[in-house]
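Some notes on the structure that comes next.
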Amino acid sequence: MSTRLYELGLRQIAGGLASLYAPTPETILQLANDLRRMEVNALQIDDARLAVAAKDAEATARFLPTGTAEDPVACARALHRVGSILLLRLFEGAAKPKDFVASHPAVDRKILVVDDSRVAAVALSNALVARDFLVRSVATMEEALTELVDFAPTILVSDIHMPDLDVGVLCRTFRESAGRRPIRVVLMSSLTGDELECRLGEVKPDAFVSKMSGAATAVERVLKVWADLALSSPSSG
């Protein structure tokens, strides 16, 4: 099997996982067998990126048959998550990320962090990556607007107070660019008071977190809006 055919096959399986709705035991078994075959075929592929994806696939295959009949809804959510993570592994090495996203709309575990504090941005980004999100971090309004198009994040996490940032324009652009794609906005600030309340009232974020509470609290907020988003998506059942 060629590297190209292997990658296409792995993408197809991962996409099926990420979009699976109400799986039957037969469907689960077929996906497990397909993933096991892909893992075996990976031994013939000289591509480190695909080798990592193959290990993810093999681990997925071992997990799939467990508990599917007892709770198909929970299983569908788990499969959606695993498929999305697998697609993200492939997305990270894609030659044309924008084209990859267009052909795989299930690649949705993407977060854009907008913060001009490098220390805060790195801490939050690393914590989110540890939770299996694909994260990009930018420090300016111009970079953020570019990434909304090129990266197409599902969740925007932004500081409110930055020198060149108009958070209202940023969030409006994010929502308009998403079209019908479900998204979430999480805003952060180290400030309090009437100005903050006014900005939050204008933008109406899905969640707010004080930067004084640290990255762990911010991650908790992101996980909550992600859970709400997953529950509302068709693929979650």
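The values are calculated or read from the model by the stated rules, or taken from the named source; none is laboratory data. Since the structure is predicted, the reported quantities are computational estimates derived from the model, not experimental observations. We place every Cβ from the backbone using ideal geometry, glycine too, and count neighbours over all the protein chains shown.
Select from the range 160-202 the residues that are under 16 Å from Asp108 (Cβ atoms) and assigned to a loop (DSSP other than H, G, I, E, B) and list them in ascending order.
Gly179, Arg180, Arg181, Pro182, Ile183, listed by residue number.
Yes or no, residue by residue, for (1) more than 24 Å from the chain's Cα centre (by Cα); (2) at pLDDT below 65; (3) over 16 Å from Phe91 (Cβ atoms); (4) surrounded by 14 or more Cβ atoms within 10 Å (Cβ to Cβ):
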| residue | (1), (2), (3), (4) |
| --- | --- |
| Glu7 | no, no, no, yes |
| Gln12 | no, no, no, no |
| Thr24 | yes, no, yes, no |
| Ile28 | no, no, yes, yes |
| Arg37 | yes, no, yes, yes |
| Asn41 | yes, no, yes, yes |
| Ile45 | yes, no, yes, yes |
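Which of the residues spanning the range 120-140 are surrounded by 20 or more Cβ atoms within 10 Å (Cβ to Cβ) and in contact with a Leu (Cβ under 6 Å, 6 or more places away or on another chain)?
Leu134, Val135
Looking at Leu156, Leu128, Leu134, Leu148, which one is within 15 Å of the chain's Cα centre (by Cα) and at pLDDT 95 or above? Working first, answer last.
Numbers: Leu128 fails: at pLDDT 95 or above; Leu134 fails: at pLDDT 95 or above; Leu148 fails: at pLDDT 95 or above.
Within the list Leu156, Leu128, Leu134, Leu148, the selection yields Leu156.
Return the pairs, sorted by first residue and then second, in which the second residue is surrounded by fewer than 17 Cβ atoms within 10 Å (Cβ to Cβ) and in a loop (DSSP other than H, G, I, E, B), the first residue lies in the range 205-218 and is touching a residue at least 12 places away in the same chain (Cβ under 8 Å), the beta carbons are less than 6 Å apart, and the residues are 6+ apart or on different chains.
As it stands, the answer is Lys211/Ser190; Met212/Ser190, since those pairs meet every condition given.
Against the definition (modelled with pLDDT of 70 or more, touching an Asp or Glu at 6+ places or on another chain (Cβ under 8 Å) and not charged (D, E, K, R)), how does Leu90 come out, yes or no?
On the way: modelled with pLDDT of 70 or more: yes; touching an Asp or Glu at 6+ places or on another chain (Cβ under 8 Å): yes; not charged (D, E, K, R): yes.
Yes: the conditions hold for Leu90.
Could you tell me whether Gly237 is over 27 Å from Val119 (Cβ atoms) and either modelled with pLDDT of 90 or more or surrounded by fewer than 11 Cβ atoms within 10 Å (Cβ to Cβ) (or both)? Before you say what the answer is, go through the steps one by one.
Working: over 27 Å from Val119 (Cβ atoms): yes; either modelled with pLDDT of 90 or more or surrounded by fewer than 11 Cβ atoms within 10 Å (Cβ to Cβ) (or both): no.
It is false that Gly237 is over 27 Å from Val119 (Cβ atoms) and either modelled with pLDDT of 90 or more or surrounded by fewer than 11 Cβ atoms within 10 Å (Cβ to Cβ) (or both).
Please identify the pairs in which a residue from the range 95-118 that is exposed (fewer than 11 other Cβ atoms within 10 Å of the Cβ) has its Cβ atom under 9 Å from the Cβ atom of a residue that is assigned to a strand (DSSP E or B) and modelled with pLDDT of 65 or more, counting only partners at least 6 apart or on another chain.
Arg118/Ser137
When only residues in the range 126-159 that are of a type in the set (Asp, Glu) and outside any loop (DSSP other than H, G, I, E, B) count, which is farthest from Pro205 (Cα to Cα)?
So the first thing to find is which residues in the range 126-159 are of a type in the set (Asp, Glu), and the list is 132, 142-143, 147, 150, 159.
Now drop any that are not outside any loop (DSSP other than H, G, I, E, B), which leaves 142-143, 147, 150, 159.
Working: Glu142: 21, Glu143: 20, Glu147: 19, Asp150: 22, Asp159: 12 Å.
Out of the qualifying residues, it is Asp150.
When you look at Val185, is it assigned by TED's automatic domain parsing to the domain that holds Lys224, under 23 Å from Phe91 (Cα atoms) and buried (at least 17 other Cβ atoms within 10 Å of the Cβ), yes or no? Write out each step before concluding.
Values: assigned by TED's automatic domain parsing to the domain that holds Lys224: yes; under 23 Å from Phe91 (Cα atoms): yes; buried (at least 17 other Cβ atoms within 10 Å of the Cβ): yes.
Yes; evaluated as a whole, the condition is true for this residue.
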